[in-house]
1. Of the accessible area of the chain, with the probe set at 1.4 angstrom, what percent is carbon plus sulfur?
2. Could you tell me which residue out of Thr98, Ser162, Ala187 lies farthest along the dipole of the range 57-190 toward its positive end? Charges go on the beta carbon: Lys and Arg +1, Asp and Glu -1, centred on the Cα centre.
3. Stretch Lys56-Ala82 to full length: gain in nm at 0.36 nm per residue minus the Cα-Cα span?
4. With unit charges on the beta carbons (Lys and Arg positive, Asp and Glu negative) and the dipole taken about the Cα centre of the chain, which residue among Leu119, Phe141, Gln70 sits farthest to the positive side?
5. Quick check for you: which residues of the range 365-395 have the amide N under 12 Å from the point 7 Å beyond the Cα of Ile34 toward its beta carbon?
6. In this model, which of Lys159/Lys363; Lys156/Lys283; Lys156/Lys203; Lys167/Lys470 are farther than 21 Å apart at the alpha-carbon?
7. Once the mean 1/r over all distinct Cα pairs of the range 347-498 is inverted, what Kirkwood radius in angstroms do you read off?
8. If I histogram all Cα-Cα distances within the range 305-382 using bins 10 Å wide from 0, what percent of pairs lands in each bin?
Amino acid sequence: MTFAIVIAIDLLHLQKITIMVLSRFWLTIFISSIVFIVVSLFTANTYTIDSVLNGKKDDPILVCEKYVEQLPAFIKDSIKTAPEQTMMVNRDTLNADTTYVYKNKTVKIYSGLQKSDGLLPTCKSTLLDLILPLMAYLAFFCGLMELLIISGASGKLAKVLSPVFVKVFPSIPKNHPSISYMTLNFAANFLGLDSAATPFGLKAMESLQEINPEKDKASDAQIMFMCLHASGLTLIATSIIGYRAAANASNPADVMLPCIITSFIGTIAAFLIVGVKQKINFKSASLLIGLMTLIAAIVGLLMYVNHLDLIGKNYFTSNLSGLILVTIIAFTLIFSFIHEKKFKEAETTVFDTFVVGANNGVKTGVTIFPYVLGMLVAISLFRNSGLFEIISDAIGFIFSNMGVSKEITNALPVAMLRPFSSAGSRGFLIDSMNTFGADSLTARLSSIFQCSAESTFYVIAVYFGSVNIKNTRYALGTMLLVDLICVITAIFVATWFF
């Protein structure tokens with residue numbers, strides 16, 4: 001009896017620890033960044049912290065201010081006659097331009113560019129550039145999903161896929177609506193349709209929350225869904241192909257197969273890790289059939305794409321995703337029109353149903369805004385403090401001394417930043433293509449890093465925040481482990497291919 005009580009107390013203590021993991025990680029990023037900023041300011045490593053608070057991405061950074069008499073003679077003589085009393089000196093040895101601005105007897109000296117928006121611009125951009133567009137996507141796709149529900153299409157899809165999904169998600173009742181939402185989410189991710197994937201995923205989390213016995217604690221089904229979603233299985237990496245085309249890559253789509261292989265291994269790893277934890281039966285016939293069907297579909301598409309020439313590949317990859325999205329929209333509307341009597345039975349119309357769903361999408365956007373804001377502001381401080389670069393450089397140094405090639409270590413910042421910020425890692429990706437060339441191993445590896453994983457902390461904040469789950473259990477640790485597996489896989493795959 002005493003032993004049972006001790007075990008119960010230990011389990012309760014463990015649960016409290018897991019509840020605090022994300023919160024303490026968030027606090028660690030915030031506090032360590034602030035401490036580093038303050039220490040840098042008072043040790044003269046940083047001249048001003050205004051950029052951390054008010055600066056914008058790619059703004060020049062103010063490094064010091066001097067009286068004009070203190071400047072070297074050639075600058076002092078030139079700056080007073082320069083246009084707008086501003087001059088730029090290229091400092092190749094420091095890999096940065098230095099700008100001198102003369103005003104009111106002093107000269108402000110700027111060098112380097114800010115890595116990301118400061119705290120206050122991040123607050124503004126989170127609402128205007130992220131949440132409001134997301135709310136628009138949510139409104140539209142949640143409206144479509146409401147049509148799928150009332151028309152009965154989601155129920156039919158769930159019925160068809162139940163034999164496989166009940167093996168992967170044993171806690172979900174057969175033919176449950178969440179099955180169709182998860183399917184649409186996986187399909188949208190698979191095709192690189194991020195704007196559609198998020199609304200489908202949030203609807204899936206909401207549906208799974210309805211059968212969650214502990215509302216503030218993530219269920220097994222929610223964790224499995226989150227980890228599979230975050231593993232980032234992608235067939236058509238449209239955005240990556242676009243970036244490479246813009247950087248004049250000789251074959252913008254040549255990273256597509258490595259991206260598929262890496263993300264597929266990440267997805268299998270996520271399934272196995274969570275499956276072992278949840279004691280899933282991997283020998284189930286329906287599960288094996290579903291997995292083999294998925295593999296066959298991927299191989300078939302790869303074989304088809306592989307036989308196309310360069311123009312054919314670009315045409316196929318640029319149109320497939322959009323065509324399928326249009327097909328989903330058209331199917332939803334036509335199916336709703338054919339089954340209009342079901343809307344009459346529900347005492348509504350097709351359009352009114354769409355409006356109700358859209359309204360729910362807007363409410364979801366409002367709900368997740370504070371979660372996203374808190375996470376992105378912490379990441380902004382972390383990057384602008386300079387702490388991220390120190391950690392990144394240290395890891396690069398360690399790998400270099402382990403014999404890892406410079407081309408690989410140059411791509412690691414993308415892998416390190418990807419779990420925190422998609423936009424931030426995208427910036428490193430574009431920079432790697434501009435610096436090393438789009439066809440370099442560094443740029444190609446960076447592309448694979450970018451498309452083979454999700455922004456883990458953003459996803460955690462959005463998806464769990466949308467249903468007010470505070471205890472994410474082992475979801476965060478598993479997602480970060482899968483990210484690491486994807487990084488290691490990407491390095492091997494890129495080295496093998498290129």
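The values are calculated or read from the model by the stated rules, or taken from the named source; none is laboratory data. Worth saying up front: this structure is predicted, and the values here are computed from it rather than measured. Cβ sites come from the backbone with ideal geometry, for glycine too, and all protein chains shown count toward neighbours. To get the accessible areas, we keep the full protein, side chains included, count just its heavy atoms, and leave off ligands, DNA and RNA. Shrake-Rupley method; radii C 1.70, N 1.55, O 1.52, S 1.80 Å.
1. Numbers: 16270 of 24580 Å².
It is 66 percent, rounded to a whole number.
2. Ser162
3. On the way: separation 26, 0.36 × 26 = 9.36 nm, distance 2.60 nm.
Roughly 6.8 nm would be gained on extension.
4. Positive-end residue among those listed: Phe141.
5. 378
6. Details: Lys159/Lys363 29 Å; Lys156/Lys283 26 Å; Lys156/Lys203 17 Å; Lys167/Lys470 27 Å.
Cα-Cα > 21 Å for Lys159/Lys363; Lys156/Lys283; Lys167/Lys470; rest within.
7. On the way: mean 1/r = 0.0574 Å⁻¹.
Result for the range 347-498 stands at 17.4 Å.
8. 14, 21, 22, 25, 17, 1
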